[in-house]
Structure formats: C-alpha cells, structure tokens
Amino acid sequence: MEATPARARAYVLCVVLCALFCLLPLPAVHAPWWAVALLAALYAGCEQIARRRFAGTFYPVLLAAAFLLPPPAAALVPLPGALFSHVDEGSPWLRRTWRAAQLALAVWSAARVHWALGGRNAVVASDFPYALLPALAAVLAFCLVLTVLDGGILALAERMPLRRAWRGLFLRSLAPIGVHGLAGLMMAVLWRSPYGPVAALLVLLPMGVSWWVFAQYHREHAAHQATIRALVQAVDIKDGYTRGHSERVGQASMMIARELGMDDSRVEVLRFAGILHDVGKLGVPTRLLRKDGPLTPEERRVIELHPEYGHEIVRGIGFLGEARAAVLHHHERLDGSGYPYGLLGSQIPESARVVAVADAFDAMTSTRSYRRARPVSVALEELSRCAGTQFDPLMVRALVRALGRCGWHPSVTADEAQSPILFPPGPPVSSAMRS
C-alpha cells in the first residue's frame, strides 16, 4: 500500500465510491437473485482459472450478466471473483478493491446501455439480428469504461501523461472484448431459451479452448521476449559504455519500419533486429570494447567480426526471421565499402538497411567514452549527407519523417564523470562502427 502514490489511492477510492453509488438501487431491484449468485460463482471460478492458467481475464460471464440482469444486479456479479482473485505482487487488497470497483462500473455501464436500447426484450425473444446492436453498444461501453479507468490509474501511479496512458488502450482491448461479448450474448440467449442455464454454460467450453490457445501464444511471445532480454543484458554487462543502445536502436528501427508502412509482425521483427544487432559483441574481447583510445587496424579487424559472431549466436533462433540478416549485414554500405561481405546497394537486406540507419543515428546522439553526443539535427544532417553512399536514402527519409512527428529523447549511455572525453570527436557516422 505504501508503494502506491497517494493520488492513485485517492483515485481508487473515488472509483470505489462510484461503484457503490451504482449499487444503491439494489433494495428496490426485482432480479432473479439465484441467477445473480450463479453467475457470480461462475465468474469467480472462471477468473481463478484464467488468472492462474491463462494469465488473463475471462469476460463472457460478466457480459452475459449485463445482457440478462438489471444494471445494479449485474454490477454485483464481478465482486466475489475480483475481491478474492490471485494477486502476485503489490498491495493485494488495494488491487483487488480496484479491480472489483472497475469491473462493477464497467458491467453496470454495459447493462445500462443494453437495457436502454431494448436489448433485454431482444434477448428474451431471441430476436436476431436486432439483438446484436444493443449488445455491440454494451460491449463498446464496457470497453470504454475499462479503458478510461485503466488509463487514469496508469497516469497517476506511473506519473504518465494521460494522453500517453490512454494511447491505444481502447483499440487493443476492443477485439478480444468483442469476442467475449459475442460469447456472452450467446450465453444470455441460451439462458433465456427453453434449454435454460445448463445450455448457456456449454458456450464456455469452446470459449475456454480458444482462450487457452490465445494464452499459449502469449506465453510463447513472452518466452521470445525473455530470450532477447537475456542476450541484450549480456551485451550491456560486457560493454557498459553503450548500455541502453540496443533498446534505442530497436525503437528507432521500429519507427522507420512503421513509417515505411510495414505490417505489425514485420515491425516487431525489425525491433528485434535493432535490439540484437550488437549481440556479436559477446565474441569480442572486452578490452577492445572498453578501450578509450583509437583502435589499431588489427583491433578494428577484430571488432569488425562482431556481425558474424552475432549471426552465429542468433542463427538457430527461428522466430527472429529476417532479423538474423540484419544482425549480419547492418555494417554493410550501399557503395560496397562496408563489412563483413562488402555488399552493394540492393544486395543488402532491407532489414539491415533499416538497422544501419537506426544504429548510426543513436550512436551519434549518445555520449560515449570517446566523443560527445551530437544534436539530433546534426545527426540527421550527417545521415542525409551519407545517404546514397553509406545509407539507404529511403530509410533516412523515413527516420526524418518519423522524428518530425514523434521527436527523439536521446539518453547518455556513458557516465561523463567516470569516463571523461579523452579525444576530440571524430567523424560522426564512422564512429558508429564501435556502437
């Protein structure tokens, strides 16, 4: 509790009071309380399974309650499951109370919208397709309330601007919640049918299977992220001067890829390519990576082996796809004077051309032991000057456009107090060879 900022606790209290206000009409509500109890127990059981096995939340029962019950009664359904859910970290009861209040408000809002649009009569009469419109509106209300409340707590707890906290939350949650809403509507219609609640429960079986498949995908994705994180941490430990460089190159590569209109899966691969581009440093002697002075020709040749070392390290990681080619070729130049193979122009894989620009840009805008950071404008001018000889002009223009919209906040990757600048700045692009 002490770790949660006071403003966030005050926000949770306000949400709890709003949820209690929604429950005030309960004494006057005529509802089938056995159905409320059954749905609440069903949700609590599904929530326990989803949290422990699937690492997610199971909404069909809540949305079925919104379609079947009056708003105050529907708002009761999530309370037992949320108040006694499993919490791994933080303040358990604060998190449980927050979750209960948040879901109660979301279900109340969905039920209110559904009943206001005549959804109850459509469900009772199994009136399709007219039952779909109120259900869709209810799902949108449910999703909107969760988004607004999640963004608010994120902004207050993490000191994040509201606009950034809300960015993308609604669209990311709409598709999965929409699927859950369709399952909830099927439950509600079957519940009101002559077959009764038992038939409604059968809807949960295929939904549970699909949710399990979805959870397996996310587990696999988390394993991929953990693999990449471990490799990057190993590089950061070995080459402390460039700590954080890999993540920033991944971010810049992703910005370029999005500007080029690549699909989301390919953008993700380009981010992996940027993050892992220097993993071959694990095969380079540490004394060379941390050397403050100029490199001898022999030392330079040793460091120039790091793309090939990196390719050997990631060659067996299947999910990286074209990121492996970027690791191998990100120091190639369009004019053929790069390394390790001296490829020319379009012979260089597109992923490598993206990472080359991102790598050089971050190297120029970060302070290192051997030279100070350059301003973003100077770095972009240098990239433009070298476009067509060292860098692909298309990638350079994409980065310029992306930075014009989103900006860039370069980080200092070397402690100037401990690593003074011993040598005057050299040519900004060529210095990226050591990044």
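Screening region 280-307 for residues that are free of Cβ contacts under 8 Å to residues at least 12 places away in the same chain and not charged (D, E, K, R) and picking the one that is most open to solvent (accessible area, probe 1.4 Å) gives P297. Contact annotation: residue pairs with Cβ atoms under 6 Å, 6 or more positions apart or on different chains, pairing a residue in region 17-36 that is closer than 13 Å to V77 by Cα with a partner that is outside any helix (DSSP H, G or I) and among the aliphatic types (A, V, I, L, M), are A31/L69.
Condition check ((1) at pLDDT 95 or above; (2) not small (G, A, S)) across all residues:
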| position | (1), (2) |
| --- | --- |
| A82 | no, no |
| V87 | no, yes |
| P92 | no, yes |
| R95 | no, yes |
| W98 | no, yes |
| V107 | yes, yes |
| A110 | yes, no |
| W115 | no, yes |
| R120 | no, yes |
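Filtering region 308-335 down to residues that are more than 19 Å from A234 (Cα to Cα), part of a helix (DSSP H, G or I) and not small (G, A, S), which residue is modelled with the lowest pLDDT? Among residues in region 308-335 that are more than 19 Å from A234 (Cα to Cα), part of a helix (DSSP H, G or I) and not small (G, A, S), the one modelled with the lowest pLDDT is F319.
Looking only at residues in region 122-143 that are aromatic (F, W, Y) and open to solvent by 10 Å² or more (accessible area, probe 1.4 Å), which one is modelled with the highest pLDDT?
We begin by selecting, within region 122-143, every residue aromatic (F, W, Y); these are 128, 130, 142.
Next cut, open to solvent by 10 Å² or more (accessible area, probe 1.4 Å) only: 128, 130.
Working: F128: 76, Y130: 83.
Once the filter is applied, the top-ranked residue is Y130.
Residue-by-condition table, conditions (1) under 23 Å from L140 (Cβ atoms); (2) at pLDDT below 90; (3) part of a helix (DSSP H, G or I); (4) open to solvent by 30 Å² or more (accessible area, probe 1.4 Å):
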| position | (1), (2), (3), (4) |
| --- | --- |
| A10 | no, no, yes, yes |
| L17 | no, no, yes, yes |
| L20 | no, no, yes, yes |
| V36 | no, no, yes, no |
| L42 | no, yes, yes, yes |
| Q48 | no, yes, yes, yes |
| F67 | yes, no, yes, no |
| A75 | yes, no, yes, no |
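A single member of L63, L156, L146 is open to solvent by 20 Å² or more (accessible area, probe 1.4 Å) and assigned to a helix (DSSP H, G or I), and it is L156. The condition of being farther than 30 Å from V61 by Cα, open to solvent by less than 10 Å² (accessible area, probe 1.4 Å) and either at pLDDT below 85 or β-branched (V, I, T) (or both) does not hold for L231.
The values are calculated or read from the model by the stated rules, or taken from the named source; none is laboratory data. What you see is a predicted model; the values in this text were computed from it and never measured. For neighbour counting, all protein chains shown are included, and Cβ atoms are generated from backbone atoms with ideal geometry for every residue, glycine included. Calculation scope for accessible area: heavy atoms of the full protein, side chains included, ligands and nucleic acids excluded. Shrake-Rupley method; radii C 1.70, N 1.55, O 1.52, S 1.80 Å.
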